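What follows is a short report on a single structure.
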Amino acid sequence: MEKFYDVKPFNDLFYKNCFFSALFPVIQYFGQPIEYVLAYDRIWYEQNHNDELWPVKLQMESVHSIDRIVNELGLQIDTVFQSENIIADLTEALQQGKLPLLNIDCYALPMRKDLYRQEHWPHVLLICGVDTANQVFYVIEHRERESMTYERRLLSFNDLEQAYAGFVDHFLPSWSGASMYYISETGANHSTISSSAVWVKQLSEDKQMLEGSHLINAAEMVDWLQNICMQEEQLQRHTQELIKGLNETILIKQAEQYRLSKIMPEAQAALERLTAQLEVLQKLRRVIGKYAMTHVYPHKAFTDNSIFTNILYLERECVSLLCLAAEEHGIKENV
């Protein structure tokens, strides 16, 4: 028996974690827009009490659970804590029109050369087909942890069983969620609210916070970042933490850029400011990364403080232009 769903990998954006890298292709397969998921995200600078180095961090968090959001798209997520017969359960789900997302341990996954027999690492696989005659599953997966390129691949029954067993043994006892997720259509009418309407409503509710504490915290973050970078001893001591924090900030900003380009492409001025800010943040990351490799202090890059002032200037511009775009969109919707 062979059952295959023509699910396309999603490589436009890395969003939050590998669960969403597996989920987004399924949402698109069922003909729904992933930007609807992104529309519910709140993005803001917040005081950080969990990290001794970064006093402020950019946060991204959905205002609703993913179960509720996909349900509004006419889809449902069924969860299974643990399977006693993983091959049979996955095969049955695929036959029933359900697309499984499966937690596995990359330590036992031969196709992951970066982690196989080297490091226990929890990961989510999208299963998009099965061929029982050849005892393989069709999966969508990337080749290594740092790669953002997902592709269709074949995975033997035996290798999948071993990878799932590894997850059950090493991670499930302390895991806060399920080990398997089945995505399927509910058959009910889905939400008629557009992604742009969801985003405008969310932005309107957050307007006061964005124009207030968000920008105050952004200014504090930029001042702190500049102070660290202007002192070579501090920069040398905290290079890796700075790069890690910038990576996280850039990923969130890329998600914000992608969301705006899909939901409200007419907001060109805001999109331009957001793109410009991303370029400044990426430039700062390159400068710090080069210092990490060469240990030559970048006097020229840091003497001109525009790299720091531009981050804050462009954030203020973004907030102003995003709020204006939301207001204009709301006016058009009500005309």
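Quick notes
- Calculation over all alpha carbon pairs of the chain in 20 angstrom steps from 0 returns a P(r) of 27, 51, 21, 0 percent.
- Between Leu251 and Met1, the FRET efficiency estimated from the beta carbon spacing at R0 = 51 angstrom works out to 0.80.
- Counting only protein heavy atoms and a probe of 1.4 Å, the accessible surface of the chain is 48% carbon and sulfur.
- Each other residue within a Cβ distance under 11 Å of Pro100 adds +1 if Lys or Arg and -1 if Asp or Glu, for a net charge of -2.
- Measuring r between the beta carbons of Val80 and Glu46 and using R0 = 45 Å, the FRET efficiency lands at 0.85.
- Those trypsin sites (Lys or Arg not before Pro) in the stretch 158-252 that DSSP places in a loop and that have at most 13 other beta carbons within 10 Å: none
- Divided by 2.2 N^0.38 Å, where N counts the residues, the Cα radius of gyration of the stretch 20-82 comes to 1.44.
- A 1.4 Å probe run over the chain, with the rest of the protein chains in place, finds 49 Å² accessible per residue.
The values are calculated or read from the model by the stated rules, or taken from the named source; none is laboratory data. Note that this is a predicted model, so its numbers are computed, not measured. Quick reminder, even Gly has a Cβ in these numbers, built from the backbone with ideal geometry, and neighbours come from all protein chains shown. Note: accessible area is taken over every heavy atom of the protein model, side chains too, but ligands, DNA and RNA are not part of it. Shrake-Rupley method; radii C 1.70, N 1.55, O 1.52, S 1.80 Å.
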